[in-house]
Structure formats: structure tokens, C-alpha cells
Amino acid sequence: MQKTFSRATCLTRDIFRFQPTTITRRIHLEASRLARSKPPPLAFVFDIDGVLLQGPNVLPAAKRTLSLLDGDNPLGMKIPYILLTNGGGLSERDRCEKLTKQLGVQISSSQYIQAHTILRNLSQKYSDQPVLVLGGKLDAVRQVAEGYGFKKAYTTTDVLAWNSSVWPYRKASLAELEIAKSIDFSQTRVSAVFVFHDPQDWALDVQILCDVIQSNGFIGGPYVSPEQQIKEPIELVFCNPDLLWRSNFERPRLGQGAFKEAFQAVYKALTGSTYPYVQYGKPTAATYKFAATVLTDHVKEIYGSGELPHVYMVGDNPESDIAGANAADWSSILVRTGVFDPQQGPPSHKPTYLANDVEAAVKWAIDRELAKGL
Ligand code: G3P
Ligand code: MG
């Protein structure tokens, strides 16, 4: 008697034989069908902290919402979206792997922007020059910087490992010593400082930042006058202006913007002036312009062509998410799961809509587009 094999067995058998199977054929069919079809009338840009995550915790509405965008929605279409965060500290690839596991949907690097992604375009200018990179755990941001093309990226713990008297309050830990890159910072001029991610040791980082600036890049070297420091500045770049952000503690936490305020306060006390700097991250126009190009490319990736549909930004921070989206002429939706606390009064920047969470935000936007008539 002829043995009948179940569909699953056939597929598994084919997979093990690596023959082109129904699965691949179906994926190709779906991709070419999408490539022929018109993009939907809207696309989303999602903030992460306070919208999809609260620290290590995934917000329940997040998973439901992202799978809804995959096609199971009133438009019956795959609705494009990217993630735009002021967070960072890992490579885009590593963070996407982590997010894919946390959110249960595939997040690819082509739909993900973090605070320092924009620096990829800046590395050319400093590729062969010694620069200081701040923030994140151990030398994670050095590895990110090297991945962007900064060949001589050093951290403040490299400086501490070089000469522990640079900060008499603590010694470099074993873990820090193991990964430290040793150069003589009194002989090697640091030509720029990039604050990639939220500094972990504010005190050490403020000290080293002041040392680099006051000694014209040669740590421990003779001071140059404050006028000189400002006239020919060591370039200082911050990637995230957030004073506050939402983790898994009841109240918002201090962010990289607070570190910047702390540095400027110390620098002012030392020199009487504020140090010039370049700011990236939401709400800066540079970051929103960059996000628009990434989203346009992602829509093309899914639909083969097409203009950028109407963009809806979903965020928890009026200062960064809503201010930036409004300035970019996008629709902005403020959610109540993050920094913004309605009990503190109206938001500093008026959103197009205020929603309880990301799911309510997405449903409102889709209904709004449906009401406009397709
Ligand atoms: O450090 C990250 C924080 O400032 C905010 O992240 O995802 O809310 O933009 P996000
Ligand atoms: Mg946020």
C-alpha cells in the first residue's frame, strides 16, 4: 500500500534536501505581489523606550501592534514602519537581533535608527584621527565606532587605565583593564569627542572631557586659554539630547541630556563659558531628515517603488518625539506609557493625537486614513 506523507513531512524532507520549496516560492510570490502593489497611505515611525519597551520589559501592546502592521489590519496591507530611538550603545545589527527576540517580529537594520547611527556618515572626517567615544558599557561603543569607520576610537576607561591618577577616586576595574587600549594620551592629541550613548560614569567622563578640552587634546598637557578653547574647539558631538527617558522605574530617569547639562555646568564653573557642541538625535532636524530617507528606502524595499506615505510618529517624549515629528510635518501621536505624565499638565509640544498606548495610537491612525477614503 502506497504510504502517504503529511504536508509537514514533505516540507521538512524538502528543507533537509535544500530543494526550492513551497515556502520559498510562497515568500517570493508574496514579495513580488507586494512589489507590484501600491504602498498603503500611511507609514509609522516608532520610538522605543516608553512606547514598545520600559527598560527590559516589553509593553503588552507592542507585540500585538507590530504583528497587526504585518497585514492583519483593516487595510489588509503590510504597513511599513521603522524604529527611531535616542537609545544606543550596541551595533544596529546586535540591537535588531535583541529587539527581534523581545518583540517577536523580525526587526531588520534597514528599519532601525539609533541615536548614533547618523555618525556613520561622519566617520570619514575622523577615520584616522584619535577620537574619544563616551557612553555605554565597557568598550561596546568603541566597537560600534570602529564598525562605523573610526579607526582610532578610545574610551575614558582607556584613559583611566593609562594613568589612574587622572581620576583619583577609583581605579580601572579588571574588566576595564582587560579591554583597555593603551596609548600615551599626553602625546596623542584627541581631535574630537563623540558621546555615543548615555555615560555610565558621569564624574570620570566630565573630568576627562574637561582635560581634553582645556589641554587642546593632550590629556595632562598645558592648558590653553578658554578663548583659544572656543576659537579652535575640539569637536564635541552629543547623540541624544534627552534630559529624561522612561525605563522600568516608576519615574523617568536622567538621560544623556542631563549629562550634557552636568558637563556644561562644570565647564562654566572652570572657564566662565559654555562649550560649543553639535547635537544629533530626536528632535534635531538632521535626525528626522535621516529617518525620512531610511523610511522611504524601507517602503521601496517592501513595495518596490513609491513616494513616502503620510508618516505617523508614535512617541512618549514631547520634547524629542513630538517636537521633531511636528517640525517634520508628520502626524505625531503621544502615548501615556512613558515620560509624558498627564498629571504634570499639558505636553510641552502639542501632538496630533494623545493615545493610551501604541496599539490605540496605530488603530486611531489607520481609522483616520480609512475615513479619508482610499
Ligand atoms: O537613552 C535612551 C533614551 O534617551 C530614550 O530612548 O527610545 O525613548 O528614544 P527612546
Ligand atoms: Mg521614548
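The values are calculated or read from the model by the stated rules, or taken from the named source; none is laboratory data. As the structure is a prediction and not an experimental result, all values here were calculated from the model. Cβ atoms come from the backbone with ideal geometry, glycine included; neighbour counts cover every protein chain shown.
Quick look at the values:
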item	result
Residue in segment 353-374 that is farthest from Arg336 (Cα to Cα), counting only those that are in contact (Cβ under 8 Å) with a residue 60 or more places away in the chain and loosely packed, with under 15 Cβ neighbours inside 10 Å	Leu374
Per-region count, segment 296-332, residues within 21 Å of the chain's Cα centre (by Cα), away from ligand 2 (no atom under 12 Å from the Cβ) and among the hydroxyl-bearing types (Ser, Thr, Tyr)	4
From Asn86, Asn73, residue being surrounded by fewer than 21 Cβ atoms within 10 Å (Cβ to Cβ) and assigned to a loop (DSSP other than H, G, I, E, B)	Asn73
Filtered residues of segment 173-198 (kept if buried (at least 20 other Cβ atoms within 10 Å of the Cβ) and assigned to a loop (DSSP other than H, G, I, E, B))	Phe185, Val190, Phe196, His197, Asp198
Search result, residues across segment 156-172 that are part of a loop (DSSP other than H, G, I, E, B) and closer than 27 Å to Pro233 by Cβ	Asn163, Trp167
Check on Phe249, within 16 Å of ligand 1 (Cβ to nearest atom), modelled with pLDDT of 95 or more and under 22 Å from Tyr280 (Cα atoms)	no
Selected residue [within 30 Å of Glu250 (Cβ to Cβ), modelled with pLDDT of 90 or more and surrounded by fewer than 14 Cβ atoms within 10 Å (Cβ to Cβ)] from Lys98, Lys63	Lys98
Tally of residues being within 16 Å of ligand 1 (Cβ to nearest atom) and closer than 24 Å to Thr287 by Cα across segment 40-90	24
Residues located in segment 235-249, provided they are surrounded by fewer than 17 Cβ atoms within 10 Å (Cβ to Cβ) and more than 16 Å from ligand 2 (Cβ to nearest atom)	Glu235
Qualifying residue in segment 179-186 (condition: in contact with a Ser or Thr (Cβ under 7 Å, 6 or more places away or on another chain) and at pLDDT 95 or above)	yes
Any hit, segment 319-339, residues being in contact (Cβ under 8 Å) with a residue 40 or more places away in the chain, of a type in the set (S, T, N, Q) and buried (at least 24 other Cβ atoms within 10 Å of the Cβ)	yes
Pairs with Cβ under 6 Å, 6+ apart, first in segment 227-247 and without any contact (Cβ under 8 Å) to a residue 40 or more places away in the chain, second of a type in the set (Lys, Arg) and surrounded by 15 or more Cβ atoms within 10 Å (Cβ to Cβ)	none
Odd one out for Gly104 among (1) closer than 29 Å to Ala286 by Cβ; (2) away from ligand 1 (no atom under 12 Å from the Cβ)	(1)
Cβ-Cβ under 6 Å pairs, at least 6 apart or on other chains, segment 278-292 side under 17 Å from Leu243 (Cβ atoms) and more than 15 Å from ligand 2 (Cβ to nearest atom), far side modelled with pLDDT of 95 or more and of a type in the set (Val, Ile, Thr)	Tyr280/Ile118; Tyr280/Thr287
Unmet requirement for Ser273, which otherwise passes all of (1) more than 15 Å from the chain's Cα centre (by Cα); (2) at pLDDT 95 or above; (3) within 30 Å of Pro318 (Cα to Cα)	(2)
Segment 137-148, residues that are free of Cβ contacts under 8 Å to residues at least 40 places away in the same chain and buried (at least 17 other Cβ atoms within 10 Å of the Cβ)	Arg142, Tyr148
